[in-house]
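For reference, the structure is listed below as structure tokens.
The values are calculated or read from the model by the stated rules, or taken from the named source; none is laboratory data. No experiment lies behind these values; they were computed from the predicted model shown. Methodologically, a virtual Cβ is constructed for each residue, glycine included, from the backbone with ideal geometry; neighbour enumeration extends over all protein chains shown. Side chains are part of the model used for accessible areas, which takes the heavy atoms of the whole protein and leaves out ligands, DNA and RNA. Shrake-Rupley method; radii C 1.70, N 1.55, O 1.52, S 1.80 Å.
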Amino acid sequence: MWSGKTPGIYDTWEDCEAQVKGQTGAKFKGFATRQEAEQAFSSSPDLYIIRKPKTEKEGHSHLSIVNSQFSTPILPALAVDAACSGNPGVMEFRGVIADTGTEVFHRGPFQQGTNNIGEFLAIVLGLAYLKQNNLPWALYTDSRTALSWLKKGHADTKIEWNASNQDLFFMVRKAEMWLHDNTWNTPIYKWDTKAWGEIPADFGRK
């Protein structure tokens, strides 16, 4: 973090948040290692700046989430899902092409994660994948919680961030920054599990 009450480098998001909360124009960025942060801080911080995320009141005008009212899924589409052993526990998530089952990304396992965090990350990575590859597909998820977090623009989790899940913490913050800095036209649908069975990206561990 560079711009706030006390500019500097902080080891936890809570410390950084205490500096930027309520500060207009606060500037910050997360790094995977302290060495990277120190290098950025000592060079040209503005080259690395990420703007402060929008508040919930500002909203996300680019967000398009609709309830599925179709007899069958709209294809082609990308389906995303997560699996977690415990709460918190070992978590992983992935995205697959819904009509073929081909896996296009798979992340994890992560320690001390939750299923909701995995579902949220899967949606964001799915949006990034479709945008990067210029694919005009729909995106399906079976998580209402992750959809609500997407509307807010951040992961509204109560999980305790610590050394064991630091890599997951950075991935969540990176996803939130991506949502803040990007727009998309992808329609996002809630998968109708009752009518269609498990979502194609399901890990089959129920």
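Exposure check, 1.4 Å probe, all protein chains in place: S71 carries approximately 110 Å² of accessible surface. Taking all protein chains as they are arranged and a probe of 1.4 Å, the heavy atoms of V90 leave approximately 60 Å² accessible to solvent.
Could you work out the local net charge near T141, counting Lys and Arg as +1, Asp and Glu as -1, over the other residues with Cβ closer than 13 Å to its Cβ?
Net of charged neighbours comes to -2.
Between H180 and T72, the FRET efficiency estimated from the beta carbon spacing at R0 = 30 angstrom works out to 0.30.
Across the range 177-185, computed HN-Hα scalar couplings (Karplus, 6.51 cos²θ - 1.76 cosθ + 1.60, θ = phi - 60°) run 5, 4, 4, 5, 9, 10, 10, 7, 10 Hz from first to last residue, x flagging Gly and Pro.
Computed from the Cβ-Cβ distance with R0 of 35 Å, the FRET efficiency linking T100 to Q166 stands at 0.50. Label-to-label distance, F203 versus A128, with points set 7 angstrom from Cα along the beta-carbon direction: 2.0 nm. The solvent-accessible area of E198, taken with every protein chain present and a 1.4 Å probe, is close to 90 Å².
If R₀ is 25 angstrom, what is the calculated FRET efficiency for the pair A195 and R144, using the beta carbon separation as r and rounding to 0.05? That pair, A195 with R144, gives E of 0.95.
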